[in-house]
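Worksheet for the structure shown next.
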Amino acid sequence: MKYDFDEIVNRRGTYTTKWDGGDWLISLGMTERYDEDTIPLYSADMDIACAPAIIDALHRTADHRIFGYSLIPPEYKKAIIDWFKRRNNWEIREEEIVYNAGTVPVLHKCARAFTSPGDGIIVQLPAYPAFAAATLKNGRKMLGNALVETDGYYTIDFDDFEQKAKQESTKLFFLCSPQNPTGRVFGRDELKKMSDICKANDVIIVADEIHGDLIRQSETFYPIATVSESGKHIVSCTGINKTFNTAGLHCSNLVITDAKLRKKYLRERGHEVPTPFAISALIAAYNESEDWLDELKVYLDGTLKWIDEFLKKRMPKVKMLVPEGTYIIWMDFRGYGISDKAVHDRIYSEANVLLEDGFRFGEGGEGYQRMCIPAPRAVIMEAFERIAEAFADLG
């Protein structure tokens, strides 16, 4: 490979929540133990160095020595347009692109912009906790559309989905595609059916597609806007933060085709502009780092293959399907026949590996653990060795 994804970069002392936030994580109740020997694999950011082109671009920005207010230049939006045309055959117009500092705040802003207190928002469960938070903390009603799990594979309960979409108070659907935490990459037919149901019932779709670039080599990702007859009811969330490990630069973008929806959203968003570092990082990511991403996907697929083989050999009671997309794995520990707390204690306290408890993802998450695996493979191997040892007495 051209790029060294096995390099271990020491992130301690760099203001990172993942490696420097032990006291904070304990205060949140995520873990009871966090020390210099903890391996944190709960957070969806990478422990892999950014693409060299991005680093070089940030150096050039820093070398200018002045960091004043910034305007989005034409080449910023052109980089986005060219990327999605090249990667997904998605035609985006310049005026449809709306900058945002991060995707999680976008969910809250969309809830407020497109719904009123008491309105219903559909969330497919299990779900990344931010979707429930954006719904409930803004005084909206969460309508859970539980995904159907069959031998670790998740599908959509369309009867339930349509029934909830038809409710008069339902105004919004938070779609997560690829789905977090299950790793499903929904197919064209699934996406079109969800889009058609929502359009027929005047339900706006806010599609979190920030993992769309991070799919297995054998899979194809379709932005929902590309399979819909009309994208006027769709707000698509994109970003370089997951794809290129730049979450700390706060750079994401919405694609809002409908001018009226765009106006509503902008009124809620208010004044928000990127830093010069976010601008230069995005341009370098989309224009110069495609080969880095393609190699990263090969590396992640190799790590997933190793995990799959390890679990089948060393921890066969843990069930996991290799995810179709994301760099997240969703592991079912129910085969051990012990409580969620007992599973937690063995992993978080005994093995000293920090994951994320499945119950935090709502209905269907009990008995599961979520792990984010974009790290040098040696780190992942060490984490699994520790976890296997902690469960060795249970067979």
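The values are calculated or read from the model by the stated rules, or taken from the named source; none is laboratory data. Bear in mind that the values here come from a model prediction, so they are computed numbers and not experimental data. Every residue, glycine as well, gets a Cβ built from its backbone with ideal geometry; the counts of neighbours run over all protein chains shown. For the accessible areas, the whole protein counts, side chains as well, though only heavy atoms, and no ligand, DNA or RNA atoms are used. Shrake-Rupley method; radii C 1.70, N 1.55, O 1.52, S 1.80 Å.
Taking every alpha-carbon pair under 8 Å whose residues sit at least 6 apart, region 153-275 reaches a relative contact order of 20 percent.
Distance between the modelled labels on Glu229 and Lys263, one decimal in nanometres: 2.6 nm (7 Å Cα→Cβ projection).
Pick out, from Ile307, Tyr265, Ser349, the residue whose Cα sits farthest towards the positive end of the charge dipole of region 243-395, with +1 on the Cβ of Lys and Arg and -1 on the Cβ of Asp and Glu. Result: Tyr265. In summary, the aspartates and glutamates within cross-link reach of Lys141, defined as a Cα separation below 18 angstrom excluding same-chain residues under 8 places away, comprise Asp119, Asp160, Glu162, Glu168, Asp202, Glu363. Between Ser116 and Asp189, the FRET efficiency from the beta-carbon distance, with R0 = 30 Å, is close to 0.40.
Averaged per residue, region 219-361 has 38 square angstrom of accessible surface, using a 1.4 angstrom probe with ligands and nucleic acids left out.
For Ser27, the accessible area of its heavy atoms, probed at 1.4 Å with every protein chain present, is near 90 square angstrom.
Within the listed set Arg112, Arg314, Arg60, the residue fluctuating most in the Gaussian network model of the chain (springs between alpha-carbon atoms under 10 angstrom) is Arg60. Per-residue ellipticity at 222 nm from helix content only, as computed over the chain with -39500 (n - 2.57) for each DSSP H run of at least four residues, stands at -11500 deg cm²/dmol. Between Val148 and Glu95, the contour length at 0.36 nm per residue exceeds the alpha carbon distance by 15.3 nm. Computed about the Cα centre, the dipole magnitude for region 332-393 is approximately 140 debye when only Lys and Arg (+1) and Asp and Glu (-1) carry charge, each at its Cβ.
In a simple Cβ point-charge model (Lys, Arg +1; Asp, Glu -1; nothing else charged), region 57-158 has a dipole of about 400 debye relative to its Cα centre.
Please work out whether region 284-395 counts as rounded, prolate or oblate from its C-alpha gyration tensor, where a ≥ b ≥ c are the square roots of the eigenvalues and a/c under 1.5 means rounded, while otherwise a/b larger than b/c means prolate and anything else oblate?
In terms of gyration-tensor shape, prolate.
One chain, two ends: Asp160 and His108. Fully extended at 0.36 nm per residue, the span grows by 16.3 nm beyond their Cα-Cα distance.
Given the pairs Lys192/Lys264; Lys199/Lys263; Lys166/Lys193, which are separated by over 22 angstrom at their Cα positions?
From Lys192/Lys264; Lys199/Lys263; Lys166/Lys193, over 22 Å: Lys192/Lys264.
Using Cα pairs closer than 8 Å and at least 6 residues apart in sequence, work out the relative contact order for the chain, in percent.
Here the relative contact order equals 24 percent.
Of all beta bridges that DSSP places with both ends in region 140-297, some 45 percent have antiparallel geometry. For region 291-395, the number of Lys pairs with C-alpha atoms closer than 24 Å, counting only pairs eight or more positions apart or on separate chains, is 9.
Using a Förster distance of 35 Å, how high is the FRET efficiency between Arg11 and Asp291, based on the Cβ-Cβ distance and rounded to 0.05? Numbers along the way, then the final one.
On the way: r = 24 Å, r/R0 = 0.70.
The value I calculate is 0.90.
Using the Cβ-Cβ distance between Tyr69 and Asp393 with R0 set to 56 Å, the FRET efficiency from 1/(1 + (r/R0)^6) comes to roughly 0.40.
Rounded, prolate or oblate for the chain? Axes are the square roots of the Cα gyration tensor eigenvalues, ordered a ≥ b ≥ c, and the cut-off for rounded is a/c under 1.5.
oblate
Only protein heavy atoms count here; on that basis, with a 1.4 Å probe, His233 has an accessible area of about 20 Å². The portion of the accessible surface of region 140-188 made up by carbon and sulfur, rounded to a whole percent, is 43 (1.4 Å probe; DNA, RNA and ligands excluded). Label positions at Glu168 and Asp56, each projected 7 Å from the Cα along the C-beta direction, are separated by 6.1 nm.
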